[in-house]
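Asks: Here it is: the structure, laid out below.
The values are calculated or read from the model by the stated rules, or taken from the named source; none is laboratory data. The structure displayed is predicted, hence computed values, not measured ones. Note: ideal-geometry Cβ built from the backbone for every residue, glycine included; neighbour counts use all protein chains shown. For accessibility, only protein heavy atoms count, side chains too; no ligands or nucleic acids. Shrake-Rupley method; radii C 1.70, N 1.55, O 1.52, S 1.80 Å.
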Amino acid sequence: NAQNKIPEGLQQLPGPKPFPIIGNVLELGSRPYLSLTSMSKRYGDVFQIQIGMRPVVVLSGNETVRQALIKQGDEFAGRPDLYSFRYINDGKSLSFSTDQAGIWRARRKLAYSALRSFSNLDSTTPEYSCALEEHISKETEYLIKELNTVMKTKGSFDPFRYVVVSVANVICGMCFGRRYDHHDDELVSLVNLSDDFVKVVGSGNPADFIPLLQYLPSTKMKKFMSLNARFSKFVQKLVTEHYATFDKDNIRDITDSLIDHCEDRKLDENANIQMSDEKIVGIVNDLFGAGFDTISTALSWSLMYFVAYPEIQNRLFEEIKEKVGLDRMPVFSDRNNLPLLEAYILELFRHSSYLPFTIPHCTTKDTSLNGYFIPKDTCVFINQWQINHDPEMWEDPFSFKPERFLNADGTEVNKVEGEKVMTFGLGKRRCIGEVIARNEVFLFLAILIQKLNFQALPGDQLDLTPEYGLTMKHKRYHLRATMRVRNEQ
Ligand code: HEM
């Protein structure tokens, strides 16, 4: 009896009564961010559900989530051993595997420093402040060219299909020192499959919790496994090429720097963390995977909100016209001068909450939160969507209003309000790509807004209900784009 084990002074977790075998799967439904938000109203910020036979603790509320992930960070920093996670990056993922704390921490540090040094790297020309800015500017230019061509030949386009290639190229540039053409079948088909990935790894996928389901044939799971295998093969080929051409005196990209780290470590007799080369070089697989789906989903949602709110799109253009002008491309350093765009991005993250839950966490020891006992190895879901729509924190939470982040005269972003938006997680497992991601979303959008005006197709009734997953996608619509200013030729 679980109740017997609860230490004195602590309470048993509240929550709905589970059915035998399936637990609360039915109540969870197909939109867990909504069902778990309504349960939080009934049971509070800390409650327990059962998925199959497995208990899962669900955390909501800004204060409670901060208490768990920041103040009690180590206790909540683990990852659960979930069936689908074993197939990601051959079970060696930095983000999804159950690596013990020491190994995970060492790998995370390596990933973070590789990412930082290759985004801050000098650009090839003085026109840009750093390599990341150069990659993004060039990719956005290619994208605009590509969209103009498609507009001329087909009259409309599927935004996600094109944006995902541009974003993948930015991270490919940093990880592998190369880019792919918008018509390169290998890359285009690979990155357009991210739906098959995010649908399976979203919090609460029943097959992760009910072993019986793992033995039933499932198209979704088959696609997921084949996607992971293809993804690993794609990365492995690039890694092999890097090993073959590796030169210690010319570290070209993140893959080289990870290979170099393996070499250095062999010379370092004091290295106390034992890790295979595979686990080190495999970090690049995580960076590439995390770096394209999240950002392309943000950009493609942005375009949907542009066409759903054309008046806001026009105001964003006016802001760029006034603050940057139309004679030069926007750059990173314009970010502080474009408060409406900054507010728009914050509102996009908040309103769409397209990453409704963080990657699931797991307790690393027996602990307690708000007076409730939570045993070691309990799977924990963090409901970011609930925090971003909490009526206690946000006025009119369901309206899309970028102005909520601006001061009264619209000249400045309210930083404190902005920090209330939960998109990148918090604490020990917080996203390591956050700074890059925010800069990248900003610059892609600034350049696109300056050059193009996006419209829905006449007669299309946009339904912005997201499709559930780790990252939630909008339904695919074709859009149109017209040049803001015709090239004078
Ligand atoms: C983890 C969001 C872009 C690398 C995460 C998590 C979230 C997140 C919610 C999970 C946090 C948790 O489990 O508590 C986002 C969003 C992005 C973005 C919204 C874009 C708008 C990126 C980029 C990279 C990246 C560009 C790297 C190139 C990672 C990694 C982890 C992670 C490696 C796993 C960290 C760990 O488990 O210790 N991200 N991310 N992310 N992110 Fe991001």
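Asks: Only one of these is under 22 Å from the mean Cα position of the chain (by Cα) and either more than 16 Å from the ligand (Cβ to nearest atom) or without any contact (Cβ under 8 Å) to a residue 12 or more places away in the chain (or both): 113, 93, 40. Name it. Show your work before the answer.
Replies: Working: 93 fails: either more than 16 Å from the ligand (Cβ to nearest atom) or without any contact (Cβ under 8 Å) to a residue 12 or more places away in the chain (or both); 40 fails: under 22 Å from the mean Cα position of the chain (by Cα).
Exactly one residue qualifies, and that residue is 113.
Asks: Report yes if some residue within region 306-322 is of a type in the set (Ser, Thr, Tyr), within 15 Å of the ligand (Cβ to nearest atom) and modelled with pLDDT of 95 or more; otherwise report no.
Replies: no
Asks: Filter region 313-341 for residues that are within 17 Å of residue 130 (Cβ to Cβ) and of a type in the set (A, V, I, L, M) and give the result.
Replies: Passing the criteria: 329, 331.
Asks: I need a count of the residues in region 413-426 that are within 7 Å of the ligand (Cβ to nearest atom) and not hydrophobic (A, V, I, L, M, F, W, C).
Replies: 2
Asks: Residue 403 is checked against (1) part of a loop (DSSP other than H, G, I, E, B); (2) open to solvent by 10 Å² or more (accessible area, probe 1.4 Å) and fails just one. What number does that condition carry?
Replies: The single condition residue 403 does not satisfy is (1).
Asks: Quick check on residue 480: is it open to solvent by 30 Å² or more (accessible area, probe 1.4 Å), modelled with pLDDT of 95 or more and of a type outside the set (S, T, N, Q)?
Replies: Values: open to solvent by 30 Å² or more (accessible area, probe 1.4 Å): yes; modelled with pLDDT of 95 or more: yes; of a type outside the set (S, T, N, Q): yes.
Yes.
Asks: Within region 156-206, take every residue that is over 20 Å from the mean Cα position of the chain (by Cα) and basic (Lys, Arg) and give me the one that is farthest from residue 472 (Cα to Cα).
Replies: 178
Asks: Would you call residue 145 part of a helix (DSSP H, G or I), under 20 Å from the mean Cα position of the chain (by Cα) and surrounded by fewer than 18 Cβ atoms within 10 Å (Cβ to Cβ)?
Replies: no
Asks: Could you list all residues from region 366-400 that are away from the ligand (no atom under 16 Å from the Cβ), part of a strand (DSSP E or B) and not aromatic (Phe, Trp, Tyr)?
Replies: Selection gives 367, 368, 374.
Asks: Only residues that are assigned to a loop (DSSP other than H, G, I, E, B) and at pLDDT below 85: list them for region 168-199, please.
Replies: 192, 193 - these are the residues of region 168-199 that are assigned to a loop (DSSP other than H, G, I, E, B) and at pLDDT below 85.
Asks: So, one more: Say we look at region 341-365 and pick out the residues that are touching a strand residue (DSSP E or B) at 6+ places or on another chain (Cβ under 8 Å) and in a helix (DSSP H, G or I); which of these is farthest from the ligand (Cβ to nearest atom)?
Replies: Step one: of region 341-365, the residues touching a strand residue (DSSP E or B) at 6+ places or on another chain (Cβ under 8 Å) are 342-343, 346, 354, 356-358, 360-364.
Imposing the further condition that a residue be in a helix (DSSP H, G or I) reduces the set to 342-343, 346.
Numbers: 342: 14, 343: 16, 346: 12 Å.
Here the answer is 343.
Asks: Answer yes or no as to whether residue 436 is within 18 Å of residue 348 (Cα to Cα), away from the ligand (no atom under 16 Å from the Cβ) and open to solvent by less than 50 Å² (accessible area, probe 1.4 Å).
Replies: Against the criterion (within 18 Å of residue 348 (Cα to Cα), away from the ligand (no atom under 16 Å from the Cβ) and open to solvent by less than 50 Å² (accessible area, probe 1.4 Å)), residue 436 does not qualify.
Asks: Could I ask something else about it? Could you identify the single residue in 288, 317, 332, 292 that is under 21 Å from the mean Cα position of the chain (by Cα) and surrounded by fewer than 22 Cβ atoms within 10 Å (Cβ to Cβ)? Write out each step before concluding.
Replies: Details: 288 fails: surrounded by fewer than 22 Cβ atoms within 10 Å (Cβ to Cβ); 317 fails: under 21 Å from the mean Cα position of the chain (by Cα); 292 fails: surrounded by fewer than 22 Cβ atoms within 10 Å (Cβ to Cβ).
332 is the lone residue from the list that is under 21 Å from the mean Cα position of the chain (by Cα) and surrounded by fewer than 22 Cβ atoms within 10 Å (Cβ to Cβ).
Asks: Looking at 303, 338, which one is in contact with a strand residue (DSSP E or B) (Cβ under 9 Å, 6 or more places away or on another chain), of a type in the set (A, V, I, L, M, F, W, C) and crowded, with 18+ Cβ neighbours inside 10 Å?
Replies: Among 303, 338, only 303 is in contact with a strand residue (DSSP E or B) (Cβ under 9 Å, 6 or more places away or on another chain), of a type in the set (A, V, I, L, M, F, W, C) and crowded, with 18+ Cβ neighbours inside 10 Å.
Asks: Exactly one condition in (1) buried (at least 21 other Cβ atoms within 10 Å of the Cβ); (2) within 15 Å of the ligand (Cβ to nearest atom); (3) polar (S, T, N, Q); (4) over 28 Å from residue 254 (Cβ atoms) is not met by residue 450; state its number.
Replies: Condition not satisfied by residue 450: (2).
Asks: Quick one: what pairs do we get from region 273-287, first residue modelled with pLDDT under 90, second near the ligand (Cβ under 10 Å from one of its atoms) and part of a helix (DSSP H, G or I), C-beta under 8 Å, 6+ apart or different chains?
Replies: 275/107; 279/107; 280/107
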